[in-house]
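Asker: The following block contains the structure, expressed as structure tokens.
Laboratory data are not the source of any read-out in this text; all were calculated from the coordinates shown. If you're wondering where the values come from, they're calculated on a predicted model, not measured in any experiment. Cβ placement follows ideal geometry from the backbone for every residue including glycine, while neighbour counts extend to all protein chains displayed.
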């Protein structure tokens, strides 16, 4: 969702560039839209890959809801020593 606002700015920038350079405006706008499509498609995938390689992903992302519920409950105090 964070990339949606960037997409609007890129489209507006392409429109402004197309108006500023009428001879090549259509080519500039097409280039901006193509770059935007690639960024919107590959950006999140490559970002997740970078997070995984950096070790910043939480391993519980693939945990089923029942396992997550057991993990989040309070630990048994009877097993703890004081």
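Asker: What ranking do 24, 53 get, fewest neighbouring Cβ atoms within 10 angstrom at the top? Don't skip to the answer; put the middle values down first.
Answerer: On the way: 24 12, 53 9.
Ordered by Cβ neighbours within 10 Å, fewest first: 53, 24.
Asker: In what order do 11, 58 fall by count of nearby beta-carbon atoms within 10 Å, going from fewest to most? Walk me through the numbers before you get to the answer.
Answerer: Working: 11 14, 58 8.
Final ranking by Cβ density, sparse to dense: 58, 11.
Asker: Using a Förster distance of 35 Å, how high is the FRET efficiency between residue 23 and residue 52, based on the Cβ-Cβ distance and rounded to 0.05?
Answerer: Values: r = 45 Å, r/R0 = 1.29.
After rounding to 0.05, the efficiency reads 0.20.
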